[in-house]
1. Residues being near the ligand (Cβ under 9 Å from one of its atoms) and of a type outside the set (Gly, Ala, Ser): count how many of those fall in region 147-198.
2. Within region 11-24, can one find any residue that is crowded, with 24+ Cβ neighbours inside 10 Å and more than 12 Å from the ligand (Cβ to nearest atom)?
3. Which residue out of 148, 169, 143 is hydroxyl-bearing (Ser, Thr, Tyr) and more than 30 Å from residue 213 (Cα to Cα)?
4. Got at least one residue in region 235-250 being free of Cβ contacts under 8 Å to residues at least 60 places away in the same chain and either of a type in the set (A, V, I, L, M) or within 12 Å of the ligand (Cβ to nearest atom) (or both)?
5. Filter region 46-59 down to the residues that are surrounded by 14 or more Cβ atoms within 10 Å (Cβ to Cβ), in a helix (DSSP H, G or I) and away from the ligand (no atom under 15 Å from the Cβ) and list them by number.
6. Search region 43-72 for residues that are within 15 Å of residue 32 (Cα to Cα) and pair each with any residue that is assigned to a helix (DSSP H, G or I) and polar (S, T, N, Q) when their beta-carbon atoms are under 7 Å apart and the residues are at least 6 apart or on different chains.
7. Contact list please: Cβ distance under 7 Å, first residue in region 1-30 and at positive phi, second residue within 11 Å of the ligand (Cβ to nearest atom) and not aliphatic (A, V, I, L, M), pairs at least six apart or on different chains.
8. Of everything in region 7-29 that's touching a Pro at 6+ places or on another chain (Cβ under 7 Å) and among the aliphatic types (A, V, I, L, M), which residue is farthest from residue 54 (Cα to Cα)?
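Taken together, the values in this text are just the output of simple stated rules run on the coordinates, not laboratory data. Quantities reported herein were computed from a predicted structural model and do not represent experimental measurements. Cβ atoms come from the backbone with ideal geometry, glycine included; neighbour counts cover every protein chain shown.
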Amino acid sequence: MSELSGDKVAVVTGAASGIGLGIAQRLAADGAKVAIFDLNTAAAEEAAAKISATGATSIGIGVDVSDRDQIQAGIDIVHEVFGPVAILVNNAGMEGFRPFLKITPDVWNRLLAVNLTGTFHCCQLLIPDMMDVGWGRIVNISSSSTHSGQPFMTHYVASKTGVVGLTKSLALEFGEHGITVNTIPPGFIDTPMTRRNEAKGRLGGSVESHAERTPVRRPGRPEDIAAACAFLVSDEAGYITGQILGVNGGRNT
Ligand code: NAD
């Protein structure tokens, strides 16, 4: 574990499950006060209670990241309970799987609203906290599908590729304020989302069968993404910004 200096406050979105939960647990274990923002309020509160039971510090708040007012209300609570936010991990996301010709404008808009515009809202509302102290860390969770494209996932891949562009541009605009912005595109991590896709026959085999097609011969775990994230939000990663750190067992090079 790496120690996070100075009692930092972190917001991790979509952290009631899977990768986000792994990141919240890791940052809390490293010493951050972690606010979990998730659509599923009960699961967010439960996750925060479990983290707090380990002696770390966390609160869970129901927030739909596609709703700017809900994000602001969540931030108001974080300010009151913990103080200004230094670390933001935009992880909340929804999957999409549909033939391109069947993607309705409503489906397209909802997916973009959560995966891309949600990231925009959270960055815009929390960067001022970071500018005030001249230090900040943003990590955006994109997707390994941005390396290659993915059939039947046009809306999803477009949203995540937008997150990559947002990351690179923010890094250039806010570097002078001590704020770094990077993206981790996960590749094949064993989470509830991946198991849902497995159950719907979208993976072309079981999660386990994918180990054979993965150079390191195992599926990824939320802890793998959390470890990369913990490094990117540390003091010693201050010269790394605008970068794409693939965590995918070698599936994408
Ligand atoms: P998951 O479904 O297990 O967890 C996603 C969490 O996000 C859930 O707790 C859900 O309630 C929350 N969420 C969904 N919509 C939200 C919203 N509008 N507002 C707030 N919270 C919301 O999924 P996961 O596999 O842990 O995925 C986490 C992130 O990683 C997603 O952005 C996903 O696209 C990305 N990703 C995952 C994989 C993988 O292999 N699992 C691969 C590439 C990218």
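1. Going through region 147-198 one residue at a time, the tally reaches 16.
2. Checked region 11-24: no residue is crowded, with 24+ Cβ neighbours inside 10 Å and more than 12 Å from the ligand (Cβ to nearest atom).
3. On the way: 148 fails: more than 30 Å from residue 213 (Cα to Cα); 143 fails: more than 30 Å from residue 213 (Cα to Cα).
Criteria check complete, one pass: 169.
4. No: region 235-250 contains no residue that is free of Cβ contacts under 8 Å to residues at least 60 places away in the same chain and either of a type in the set (A, V, I, L, M) or within 12 Å of the ligand (Cβ to nearest atom) (or both).
5. Passing the criteria: only 52.
6. The qualifying pairs are 51/25; 58/52.
7. 14/20; 14/38; 14/91; 14/93; 18/191; 18/192; 18/222
8. Result: 19.
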